[in-house]
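The values are calculated or read from the model by the stated rules, or taken from the named source; none is laboratory data. Values in this document were obtained by computation on a predicted structure and should not be read as measured data. Cβ atoms come from the backbone with ideal geometry, glycine included; neighbour counts cover every protein chain shown. Heads up: the accessible areas ignore ligands, DNA and RNA and are worked out on the full protein's heavy atoms, side chains in. Shrake-Rupley method; radii C 1.70, N 1.55, O 1.52, S 1.80 Å.
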Amino acid sequence: MLNKFYTEMKSSLEAAYQQKPRAAIRVTIQLASTFVEAYRADKNVVWTSFYSFPMELLAAFDVTPFDFEIAANLLPTFSADAAVEIMNRAEEVGYSTDICSYHRLAAGCDMLGYMPRADLLLSSSYFCDGKAKTNKTLADRCGKEAITLDIPNKISRESVDYVAGQLRRIAGRIESISGQKLDLERLRECIRVSNRARRAYEQLADLQKVSPFPYIGVPVINMSIFGNMLAGKEIQEQIYLEIVEESRKKIMEGRLTPEKYRVLWLAWFPVQPTVIRQIFRKNGVTIVMGELARNYGGRMDESLPFESLALWCLKNPYVGTIEQRLKGINEIIDEYNLDGVVHFSTDACRHSCAAQKLIGDVMKERNIPYLVLDGDMSDKRKYSPERTEMLLENFIGIMAGRK
């Protein structure tokens, strides 16, 4: 089922891109193409977390990455009812509805035989406890090895060496399943390519400071989640430069959507259909930046590839103390002249939600409107359009009162 879904999705997107080339379509084509490739019998497939694993390491091998969270949870975008039916399958065998819908949906897809073969499963300790646990469960089902990249909460010489050592061992496991020795020069080249993509993204980040906002906020947030899939590959830089060019063209031609309010979006954006975009569009609200949609990692040192990839992990806003996350949030607010902050809150996501009260306290001190928008990523049974509309309308009203 999923293979057919991705194949049809890829064809549809390619046709749309031919008709009207846009970078947002191009990045989604790459996503669908990667998932289609994962079903090929001649490919070594590594299940991983696109958004948290240093993908440059995988780019240095001839393997196909696959993220079961993102793959399965494209389904609710097109059919929320079908997604619930698949989640029901997982719930029938004991997966609690308290578990993230991303993982219930992925588990259901696996039980139904929809997933591609896995040769190795990789996850990380930050962002998501459930992902690492689901990774292990699915690995047990298919009889393959699951490895969790453990990221300490403090940056130090010891922590960098600790993570770098894990990455070296993971490289050894990829060598075993692929029959291919790691070429250090190829890894260094992947890091050079990734650095160029980051420089291109910095151009986009500068353009995001323009008012009205010259691009579309939700694709920017989504790219910060699954765009890392392309880290270490030249197409990532190409896509970022294409977005920069599209944005500059809009600015030059004066084709910018009128803007009343500029907001920061924290955590994730739901993949199931919601009224969020319509309400924002109706009220002139633009999502200017996402919490993770910035170059927080800086330039990597290609001469120390494993250490550089380790440091990239350690610098993630969700690693370390709440002060680190708050520092990034405050910097974004100041740099992008924002009117408010929305924290999308789903109960299963401890890493994003545990600090929402502390974030709210800081926003109150700064007199910045702050909304905790409760909902769910994929499960329509935990989403109320009426409540969502009420919360957003009240939030917009508060921003209006501060203008």
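The figures follow:
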read-out: Test for Met390: is it assigned to a helix (DSSP H, G or I), aliphatic (A, V, I, L, M), out of contact with any helix residue (DSSP H, G or I) (no Cβ under 8 Å at 6 or more places or on another chain) and open to solvent by less than 30 Å² (accessible area, probe 1.4 Å); value: no
read-out: Any chance Glu307 is in contact with a helix residue (DSSP H, G or I) (Cβ under 6 Å, 6 or more places away or on another chain), open to solvent by 40 Å² or more (accessible area, probe 1.4 Å) and acidic (Asp, Glu); value: no
read-out: Leu264 under 20 Å from Glu335 (Cβ atoms) and at pLDDT 95 or above; value: yes
read-out: Qualifying positions in segment 163-179 - touching a residue at least 12 places away in the same chain (Cβ under 8 Å) and either surrounded by 15 or more Cβ atoms within 10 Å (Cβ to Cβ) or among the hydroxyl-bearing types (Ser, Thr, Tyr) (or both); value: Val163, Ala164, Gln166, Leu167, Ile170, Ala171, Arg173, Ile174, Ile177, Ser178
read-out: Neighbours by Cβ (under 8 Å, 6+ apart or cross-chain): first from segment 330-341, of a type outside the set (Val, Ile, Thr); second outside any helix (DSSP H, G or I) and loosely packed, with under 15 Cβ neighbours inside 10 Å; value: Asn330/Arg366; Glu335/Lys209; Tyr336/Lys209; Asn337/Lys209; Asn337/Ser211; Asp339/Lys403
read-out: Lys260, sole failed condition from (1) touching a Gly at 6+ places or on another chain (Cβ under 6 Å); (2) under 29 Å from Ser79 (Cβ atoms); value: (2)
read-out: Some residue of segment 83-95 being among the hydroxyl-bearing types (Ser, Thr, Tyr), part of a helix (DSSP H, G or I) and surrounded by fewer than 24 Cβ atoms within 10 Å (Cβ to Cβ); value: no
read-out: Tabulated pairs, segment 368-383, first closer than 25 Å to Asn88 by Cα and outside any helix (DSSP H, G or I), second open to solvent by 20 Å² or more (accessible area, probe 1.4 Å) and of a type in the set (Phe, Trp, Tyr), C-beta under 9 angstrom, 6+ apart or interchain; value: Gly375/Tyr383; Asp376/Tyr383; Met377/Tyr102; Met377/Trp268; Ser378/Tyr102
read-out: Among the residues listed as Arg248, Arg255, Arg199, the single one being within 29 Å of Ile396 (Cα to Cα), modelled with pLDDT under 95 and surrounded by fewer than 17 Cβ atoms within 10 Å (Cβ to Cβ); value: Arg255
read-out: Filter result (touching a residue at least 40 places away in the same chain (Cβ under 8 Å), part of a helix (DSSP H, G or I) and open to solvent by less than 50 Å² (accessible area, probe 1.4 Å)) within segment 112-138; value: Gly130, Lys131, Thr134, Asn135, Leu138
read-out: Leading residue by the ranking (surrounded by the most Cβ atoms within 10 Å (Cβ to Cβ)) among those in segment 209-234 that are at pLDDT 90 or above and polar (S, T, N, Q); value: Asn228
read-out: Qualifying residue in segment 75-97 (condition: over 25 Å from Ser33 (Cβ atoms) and in contact with a Cys (Cβ under 7 Å, 6 or more places away or on another chain)); value: no
